[in-house]
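The structure appears right after this line, and notes come after that.
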Amino acid sequence: MVTKHKTVISIMGPTGTGKTDLALDLFDKGSYRLINVDSVQIYKGLDIGSGKISKKMLESYPHFLLDIIEPEESYSAARFKKDCLTEIEKAHKNGQTPLLVGGTMLYFNTLVEGISDMPESNEEVRKKVETYIADEGLNEAHVKLSKIDPISASRIHCNDTQRIQRALEVFELTNKPLSDWQQNHVNLSPLKQYDHYQFSIDPGDREEHRKIVKDRFLKMIESGLVEEVENLLKRPGLTSDHASMKSVGYRQVCNFLLDKISYDEMIERSIISTRQLAKRQMTWLRKWSDLFWLTKNKPESTLKILNQINL
């Protein structure tokens, strides 16, 4: 049994708010273990589009649960929970404070609210659902979900490919709605045994943040995002249908490389999708309990975190 008063710190926030910079600043001021909570940064080779820090910086600021699987592999929230708890335990054994950083709210939610003990999907079912979504379209997939599982459909945005696919997979595997599993088979929060401090960066002015998101993506393009995706798609066995290639930005670049959309359309759709992602992240965060809000002023926010955890 882990005793109380072992600390875990989470730094959340929508994309483009400086979560990583804040975490690195905090890292310099104590003994921390940086744990990635970004569902794209887990993939090897997805560097530019996921906003990973450089290989050189990683030497000084090692991140755990980053670059842990190949882009052809799949990864679930349940697997993240297991892997993250292992890293938290390692941190405490080494006298470090676990510092969880990222914007994948579903992953954070598995740690805070727990996760249903449902069966893992298999390759056959996953391919079947992926093919259905590719053939019928995401909107039709969401309509289908609303018929078999209206509760989940009401909670999942019609553009959230990953969660729609997972809900359909669960029904295909078990013939029971995802919402039923979540209601009746939920494990208690694994972080209740720790002092868990949760912080989120407020993006501030909406129009200013929209511009930051746009400029951030354009910088990714200048840094070679198209070439990165082009090289990834040359890998044997990796296609645009894999979950890694359906991430925001990567999906649109794939469509451009497959001549489905023009270069300008790729840019526009990527920026729109990134803004939509930020909006969904804020929807999660506005409903979050026990959350300390931070500004984008890094020194001020670092001090607020240190003061809070040292009370």
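Computed from the coordinates by the stated procedures, all read-outs in this text should not be read as laboratory data. Everything quoted here is computed from the prediction, not taken from an experiment. We place every Cβ from the backbone using ideal geometry, glycine too, and count neighbours over all the protein chains shown.
Among Leu233, Leu58, Leu26, which one moves the most in a GNM of the chain with springs linking Cα atoms closer than 10 Å? For the chain, modelled as a Gaussian network with Cα springs under 10 Å, the answer is Leu58.
Using Cβ point charges alone (K and R +1, D and E -1), the dipole size of the range 123-184 about the Cα centre works out to roughly 180 debye.
The slack in the chain from Lys147 to Lys234, taken as 0.36 nm per residue of separation less the alpha-carbon distance, amounts to 27.5 nm.
Which residue, Asp83, Asp202, Asp290, tops the fluctuation ranking in a GNM of the chain built on C-alpha contacts under 10 Å? Evaluated over the chain, the most mobile residue of the options is Asp290. Per residue of the chain, the DSSP helices (runs of n ≥ 4 H) give a summed -39500 (n - 2.57) that works out to -16000 deg cm²/dmol at 222 nm.
Look at the alpha carbon pairs under 8 Å that are at least 6 residues apart: their mean separation over the length of the range 26-132 gives a relative contact order of 36 percent.
Placing +1 on the Cβ of every Lys and Arg and -1 on the Cβ of every Asp and Glu, with nothing else charged, gives the chain a dipole about its Cα centre of roughly 840 debye. If you wrap the range 123-184 in the convex hull of its Cα atoms and look at it from every side, the mean projected area works out to 3.7 nm².
Each part reduced to its alpha carbon centroid, the range 137-175 and the range 11-41 end up 31 Å apart. Looking at the chain, the DSSP beta bridges with both ends there are about 5 percent antiparallel. Distant-in-sequence amide contacts of Leu100, defined by a placed amide H-H separation under 5 Å and a gap of 5 or more residues or a different chain, comprise Ile9, Ser10, Ile11, Ile35.
Our estimate of slack between Ile272 and Ser154, defined as 0.36 nm per intervening residue step minus the Cα-Cα distance, is 40.3 nm. For the set Lys6/Lys128; Lys127/Lys298; Lys29/Lys55; Lys52/Lys287; Lys44/Lys93; Lys176/Lys246, the pairs lying more than 32 angstrom apart at their alpha carbons are Lys6/Lys128; Lys127/Lys298.
Taking a ≥ b ≥ c as the square roots of the eigenvalues of the Cα gyration tensor of the chain, is the shape rounded (a/c under 1.5), prolate (a/b larger than b/c) or oblate? Oblate, since a/c reaches 1.5 and b/c is not below a/b.
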